[in-house]
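Reviewing the structure listed below.
Nothing in this text is a laboratory measurement; each read-out follows from the coordinates by a stated rule. Treat the numbers as computed from the prediction; the structure is a model and nothing was measured. When we count neighbours, we look across all protein chains shown, and the Cβ atoms used for this are built from the backbone with ideal geometry, even at glycine.
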Amino acid sequence: MTKYEKDKIVTGYVTGIEKYGIFVNLDEYYSGLIHISEISSGFVRNVSEYVNIGETIKMKVMSVNEKNHQVKLSIKNIDYRIGKKKRTKIVETEHGFDTLKESLPMWIKNKISEFDEKK
């Protein structure tokens, strides 16, 4: 009987990131690869935007090579993060930097006042 079975969700930690995928260790014997095509349903420009080396993640088993103790894995369409919030992209608003432009003079004035009070 195999330790890892197809379509099961397993946990492992990221040991390497390459342009073509993510390397993970599942335990002391088994390691695996999450190929770039198994990271997201959308286009993956940069693999390192999805995980960090040393991070523990959940993965779906696609296939197992018992002889070599290697597993093909996927994080596509599953919540693979453990104990961390999903990364969010910064999206520009319609106001752009206007809010910063308007607030910056007041922040500078307040900070100068703080320094003057300490003298």
> In the range 66-83, which residues are under 16 Å from His35 (Cβ atoms) and surrounded by 12 or more Cβ atoms within 10 Å (Cβ to Cβ)?
Replying inline: Gln70, Val71, Lys72, Leu73, Ser74, Ile75, Lys76, Ile78, Tyr80
> So how many residues does the range 29-81 have that are among the hydroxyl-bearing types (Ser, Thr, Tyr), in contact with a strand residue (DSSP E or B) (Cβ under 8 Å, 6 or more places away or on another chain) and within 12 Å of Tyr4 (Cα to Cα)?
Replying inline: 3
